[in-house]
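First the structure, in the form of structure tokens, and then the observations on it.
Just so you know, all these numbers are worked out from the coordinates, no wet-lab data involved. If you're wondering where the values come from, they're calculated on a predicted model, not measured in any experiment. All Cβ positions, even for glycine, are placed from backbone atoms using ideal geometry, and neighbour counts span all protein chains on display.
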Amino acid sequence: MAQIETELQLLKTEAINMWTLVNSQLNKARQAFITFDKDLAREVVLKEKRVNGSELKIDRDCENIFALYCPVAIDLRFLLAVLKINSNLERIGDIAEGIAKYIIDTDSPFSDELLKVTRILPMYEESVNMLLDTQDAFEKEDTILARSVFKKDDFLDNVNRSSHKVLEEYIKNHPEETSQALWILSTIRKLERVGDQAKNIAEEIIFYLEAKVLKHKGKFA
Amino acid sequence: MESTIIKSRNFNASFGTNHVVKNVNIDIPRNHIIAVMGPSGCGKTTYLRCINRMHELIPGASSEGEMKLNEEDVYQMHPIFVRLKIGMVFQRPNPFPNLSIYDNVIAGYKLNGIKLPKAERDEIVERSLTKVALWKEVKDSLNKKGSFLSGGQQQRLCIARTVAMEPEVILFDEPTSALDPISTSTVEELFTELKANYTLIIVTHNMQQAARVSDKTAFFFLGELVEYDETKTMFTNPKDQRTQNYITGRFS
Amino acid sequence: MDGKNIKLRLGKSYGFQWLIYILAFACLLPLLAILFYIVRAGITKINWHFLVNIPKPVGESGGGIANALVGSIIIILSASVIAVPIGIMAGVYLSENRRSKLAYWVRLCTDILQGVPSIVVGIVAYFWLVRPWDLGPIHHKGGFSALSGSAALAMMMLPIIIRSTEETLKLLPDSLKEAALALGMPFHRVIFKVIVPVGISGILSGVMLSIARITGETAPLLFTAFGNPYLSVNIGKPMQSLPLLIFNYATSPYTDWLNLAWGASLVLLLWVLFLNIFTKVITRKWKVQL
């Protein structure tokens, strides 16, 4: 096997490891969110350092491969995709940390009604699934799976758009839960961004595999 | 509207029974730089030598098919005329060792018995050497033999000699593979300047060179023309899997 | 490895080294002996008088080798005029056609010709050019002549010229020919304006070597040029040459003639020596650095 192939394999493994890490961060934050576990949330905040470290290493490795191997065609696209996916994953990691920080700062757990009316739990689950799907698509080089991520984002956008009205209503009826409601709103905004990041990752995967640029083109390509 | 200067249709070439160039169809546009690449033994050098009819000089060599220069079939013309219109620069710099630099540049005229007045000869020498960025370096030693020149300078001298004949097309057979990196880059700089007046076809083993200098690239494999496209496309998204395997170095 | 063994091997190596030195030096001895002997015997005989007079009849003192000198020069020049063009062309042909049938036969015949004894060459020239023959409208009068001698010598020069031309041109890189062809040169110009000029040093050295070879040949001239007591410049008639003079006079009983023979020997020796040195100098000077 050519040296460049070995290097690209290693890079792929590193990227998947980062994916797994960010995934677990997001999941842990969700767990902490549901069970109101401040310790778990603090774990997420501490682990954020590892996510940043991983991003730096992947960046450096990409730079080395560019410098030493002059990659072309699919190798070149793979590296460009990994660079962008790397920063997307890091931002998702930041979002997970942000959500964990909310848990730490809140005084009391969220009420069931609040959670149900905002549909934040299914939204959270869907965003985690989107991230898992992109990871699968990357690992298995499956562009169909990558494309399916775009549709899932619709649901997240939906929840996000309706959250403003829903929460306005809720605060009017439950003024004592205003603080919680505001936290929920912020979390919904953050989750919507997770969806966007996952969509960007899917676009990069399709670019790398098919040399098609879907960025800024609209949802369906 | 770019015009085609060299056209090949169903072109085949062989050495005896060894069929090395198979059914090549290609259109080469005027004033472009075309790179021809491929692994060893893929027929690219043989194809190049067929363009200016150097291939047939090898005993046992044969070719068939259409090879047109400006709509005229090269194989219907006298080979001498073909070679006056299509020049060639070789892998190892080969200036004539017994002639001075001045005589080397003018060799195509002098050794062919074409007599020119001194003023015209001087003008041709100066013009050709300027075109290859060698004039300033050698204008005070035109009468010396070329042996003191470095490899890169010698190769540029050979290019000057070819350019002095005012051909329409210049063929390059791995022109920098015998040169060090700095000489290589001075020769490569020349290509872009020469493009304005000539059409260049460059056979190269060095993929990065093909990527750097050419407008279009042709990829040969096992005697066939596998892919021929804009260089940018060839190196970011080749259409054929064989091309991709070659440029990403996946051949074992 | 014990010390005694090593000492023995070193000793042997040292001994062999010295043996080689001695034997190499021994090769010089014959040449030095000849030079010494002939110089000593001939140096007193050479003077201006010697070089410009023809031999006097027996009994009269004085005389010189003028006719032999002039004769040798004319015969060798004529032989060169015949052999050099043919030899170079043949050499060019052989270097261009490595594998054709004709090339095979030419090479074979050249090698055989090289080995033919010089007297046999002389006899052949005698039969072809000296004896009169009739071939219908062509009637050859026959008779000894310098031209027949030159022809015989030319036959001896050919193999050397052909071989050295072929070898010189074979050593030239193909890229030279390709460069010339790519400039639109027709084949004959490639050969005569590029290949031959670059290889001129090697070709010339071959020519010089062949001249040096035939300068001293006696046997072929015995029954062709035959010899002539007078100075002649007519190549259709018999002519004297240095080796012939030496051959005839060295075995004669007259001291005058013996002296002439010694002087002529020295002149011949010096001529050959000079030719060889000249060849070396010219070859180096004209050698084209590829």
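Summary of computed values
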| item | result |
| --- | --- |
| Candidates C:ALA212, C:ALA180, C:ALA125, ranked by Gaussian network fluctuation over chain C, Cα under 10 Å, top entry | C:ALA180 |
| Using θ = phi - 60° and Karplus 6.51 cos²θ - 1.76 cosθ + 1.60, couplings along the stretch B:40-53 (whole Hz; Gly, Pro as x) | 4, x, 8, x, 5, 5, 4, 4, 4, 5, 6, 5, 9, 6 |
| Between 0 and 90°, nearest 10: helix B:181-194 axis offset from chain B longest Cα axis | 90 degrees |
| Hz values of 3J(HN,Hα) by residue in the stretch B:120-127 - Karplus curve (6.51, -1.76, 1.60), Gly and Pro given as x | 5, 4, 4, 5, 4, 4, 5, 5 |
| GNM result for chain A, Cα springs below 10 Å: residue of A:ALA81, A:ALA146, A:ALA73 fluctuating most strongly | A:ALA73 |
| Peptide-level mean, for A:68-74, of C-beta atoms on other protein chains within 10 Å | 6 |
| Average silhouette area of chain A, convex hull of alpha-carbon atoms, in square nanometres | 12.2 nm² |
| Inter-chain shielding of C:103-115 (mean C-beta neighbours from other protein chains, 10 Å cut-off) | 0 |
| Order of B:THR233, C:THR251, B:THR243 - criterion: other Cβ atoms within 10 Å of each residue's Cβ, fewest first | C:THR251, B:THR233, B:THR243 |
| Amide H within-cut-off set for B:PHE172, under 5 Å, with H built and near neighbours excluded | B:VAL89, B:ILE201, B:ILE202, B:VAL203 |
| Packing-based order for A:19-29, B:22-32, B:158-168, C:80-90, using average beta carbon neighbours within 10 Å, highest first | B:158-168, A:19-29, C:80-90, B:22-32 |
| Rg/Rg_globular for the protein assembly as shown, with Rg_globular taken as 2.2 N^0.38 Å and Rg from C-alpha atoms | 1.63 |
| Calculated on alpha-carbon atoms, Rg and Dmax of the stretch B:1-76 in Å | 12.4, 41 |
| Estimated translational D of chain C in µm²/s (Stokes, Kirkwood radius over Cα pairs; 20 °C; 1.002 mPa s) | 97 µm²/s |
| Convex hull volume per residue for chain B, taking Cα atoms only, in Å³ | 139 Å³ |
| For chain C, built as a Gaussian network whose Cα springs stay under 10 Å, the top-fluctuating residue of C:GLY149, C:GLY236, C:GLY122 | C:GLY236 |
| Simple spin-label estimate for B:ASP122 and B:ILE80 in nanometres, 7 Å along Cα-Cβ | 3.0 nm |
| Among C:4-11, A:184-191, the order from most to least packed when residues are scored by Cβ within 10 Å on average | A:184-191, C:4-11 |
| Whole-number percent relative contact order across the stretch A:75-221, with pairs defined as alpha carbons under 8 Å at least 6 apart | 38 percent |
| Footprinting exposure proxy for C:CYS27, B:CYS42 (fewest neighbouring C-beta atoms within 10 Å first) | C:CYS27, B:CYS42 |
| Hz values of 3J(HN,Hα) by residue in the stretch A:101-118 - Karplus curve (6.51, -1.76, 1.60), Gly and Pro given as x | 5, 4, 4, 5, 7, 5, 8, 10, x, 7, 6, 4, 5, 4, 4, 5, 5, 8 |
| Average beta carbon contacts from partner chains per residue of B:106-112, 10 Å cutoff | 4 |
| Lysine pairs in chain C with Cα atoms under 16 Å, if 8 or more residues apart or on separate chains | 5 |
| Separation of the B:ALA178 and B:ASN25 label points, Cα + 7 Å toward Cβ, nm | 3.8 nm |
| Contact order relative to length of the stretch C:44-286, as percent, for alpha carbon pairs under 8 angstrom and 6 or more apart | 28 percent |
| Value of Rg/Rh across the stretch A:95-187 [Cα atoms, Kirkwood radius] | 1.07 |
| The stretch C:144-187: C-alpha gyration tensor shape, a/c 1.5 cut-off, then a/b vs b/c | oblate |
| DSSP-assigned coil residues among chymotrypsin sites (Phe, Trp or Tyr not before Pro) in the stretch C:236-290, each with at most 16 further Cβ atoms within 10 Å | C:TYR254 |
| The stretch C:214-283 - percent relative contact order, Cα under 8 Å, separation 6 or more | 25 percent |
| Least to most buried among B:VAL105, A:VAL44, A:VAL166 (fewest other Cβ within 10 Å first) | A:VAL166, A:VAL44, B:VAL105 |
| Estimated inter-spin distance, C:GLU167 and C:ALA41, nm [label 7 Å along Cα→Cβ] | 3.3 nm |
